[in-house]
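Here's the structure, in structure tokens; my notes come after.
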Amino acid sequence: MKKNILLAGIFFCYSMTVHAQWTTNGTVTTTTNTVGINTNATPVSAFQVNSATYKFAVGNAPGVNLNYGTCYIGFNAARIGAGVPASTWQIDSDTFHNGAGVIYNDIFGNIYFAPLASTGTTARTLADLDIKNSITFKVGANGVCYAKAISVQTTGWPDYVFRKEYKLPALTDLKNYIYTYQHLPEVPEAAKVEQDGVNLGEMSKLMLKKIEELTLYLIEKDKKITELSTQLSEQQQQIDVIKKKLADKK
């Protein structure tokens with residue numbers, strides 16, 4: 001019995017290997033190099049789900065123009081062929097838009113995100129270099145993320161610091177706190193940041209709050225300096241008058 005099962009398995013594997021033409025079994029389409037699920041034609045990529053603008057594709061992504069990529073995931077983007085410089089990308093249209101997106105990895109361990117904004121209402125074909133030039137976010141193998149901009153939505157922006165009812169901490173209290181704890185009030189200590197990291201939104205709010213408090217301190221100090229400067233000027237005028245009187249008596 002076991003022998004018959006083994007022979008059947010070998011025969012099945014052999015028949016799949018020699019099957020050179022694509023076949024359809026229900027919604028699964030296969031060739032010697034591709035597998036498609038719910039595709040209405042031969043799959044473009046190594047693995048593809050659905051067709052047209054709804055396709056989800058997985059395949060290889062080698063070549064210098066993709067930073068020596070390994071493989072990719074495509075959203076309405078399928079890489080045609082495995083040639084290094086000659087491969088193209090199929091981007092379909094729903095007759096209104098032709099946007100897509102690609103995520104791929106390179107041989108060095110970096111991961112790239114390339115959104116492909118809609119440029120019109122018809123299908124288009126892109127080159128590897130077009131995908132590379134569309135990268136907007138990169139996760140480096142060293143753990144560093146690269147992006148053109150990051151927008152963090154948050155609430156409680158510290159405009160309240162400039163309201164009249166806000167009580168600005170006394171500088172003497174602030175000095176004593178710093179001498180005691182070696183960091184600003186509300187700001188996490190170095191050991192906690194090294195262990196847990198920081199919340200970018202909360203840290204941005206906190207830094208702005210400290211900047212606004214510093215601005216108020218400077219305004220207050222500038223006011224005192226102006227007052228002292230006025231007093232010194234008046235005293236100098238009085239001294240000049242006294243000097244003149246003394247000089248006239250000689």
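Computed from phi, the 3J(HN,Hα) profile of the range 91-101 under the Karplus parametrisation 6.51, -1.76, 1.60 (θ = phi - 60°) reads 10, 9, 10, 9, 6, 10, 9, 9, x, 7, x Hz, with x in place of Gly and Pro. Here is how the number arises for the chain: DSSP H runs of 4 or more residues each give -39500 (n - 2.57), the sum is divided by the residue count, and the result at 222 nm is -12500 deg cm²/dmol.
With a simple spin-label model that places each label point 7 Å from the Cα along the Cα-to-Cβ direction, the separation between LEU200 and LEU174 comes to 2.8 nm. Of the whole protein surface, TYR166 contributes about 60 Å² of accessible area at a 1.4 Å probe radius. When HIS183, HIS97 are compared by accessible area of protein heavy atoms, the largest-first order is HIS97, HIS183, using a 1.4 Å probe.
By a 1.4 Å probe calculation restricted to protein chains, LYS243 has an accessible surface near 130 Å², given to the nearest 10.
Between the C-alpha center of the range 83-161 and that of the range 195-250 there is a gap of 50 Å. Potential lengthening of the chain between THR121 and LYS249 amounts to 36.3 nm, from the contour at 0.36 nm per residue minus the alpha-carbon distance. Each residue of the range 134-144 is assigned a 3J(HN,Hα), and the resulting list reads 9, 5, 10, 8, 9, 9, x, 4, 8, x, 8 Hz, derived from the Karplus form 6.51 cos²θ - 1.76 cosθ + 1.60 (θ = phi - 60°), x at Gly and Pro. Between the helical axis of 171-181 and the dominant principal axis of the chain, each derived from Cα atoms, what acute angle in degrees is found, rounded to the nearest 10? In the chain, helix 171-181 runs at an angle near 50 degrees to the longest axis. A 1.4 Å probe, protein heavy atoms only, puts the accessible area of GLU165 near 140 Å². Between GLU165 and THR226, how many nm apart are label points set 7 Å from Cα along the C-beta direction? Here the modelled spin labels are 2.7 nm apart.
Pick from THR136, THR119, THR180: which residue has the top mean-square fluctuation in a GNM of the chain where Cα pairs under 10 Å get a spring? Per the Cα network of the chain with a 10 Å cutoff, THR180 tops the list.
Taking a sphere under 12 Å around the Cβ of GLU220 and counting the other residues whose Cβ falls inside, with K and R at +1 and D and E at -1, yields a net charge of 0. For the chain, the longest principal axis of the Cα atoms and the long axis of helix 2-18 meet at an angle of about 80 degrees. Take every Cα pair under 8 Å whose residues are at least 6 apart in sequence, average their separation, divide by the length of the range 35-185, and the relative contact order is 14 percent. Axis of helix 200-249 versus longest Cα principal axis of the chain: the two differ by about 20°, to the nearest ten degrees. Per residue, the chain exposes 70 Å² of solvent-accessible protein surface, assessed with a 1.4 angstrom probe and all protein chains in place. Between ILE239, ILE131, ILE91, which gets the highest mean-square fluctuation from a Gaussian network model of the chain, Cα cutoff 10 Å? The residue with the greatest mean-square fluctuation here is ILE239. Between SER51 and THR154, the FRET efficiency estimated from the beta carbon spacing at R0 = 45 angstrom works out to 0.65.
A Gaussian network model of the chain, with springs between Cα atoms under 10 Å, assigns the largest mean-square fluctuation among LYS223, LYS138, LYS209 to LYS223.
Per-residue extension of 0.36 nm, minus the Cα-Cα distance of TYR181 and ASN40, leaves a gain of 44.0 nm for this segment.
The values are calculated or read from the model by the stated rules, or taken from the named source; none is laboratory data. On a predicted model such as this, the values are computed, not experimentally measured, just so you know. Cβ coordinates were reconstructed from backbone atoms using ideal geometry, including for glycine residues, and neighbour counts include every protein chain displayed. In case anyone asks, the SASA skips ligands and DNA or RNA and just uses the protein heavy atoms, side chains included. Shrake-Rupley method; radii C 1.70, N 1.55, O 1.52, S 1.80 Å.
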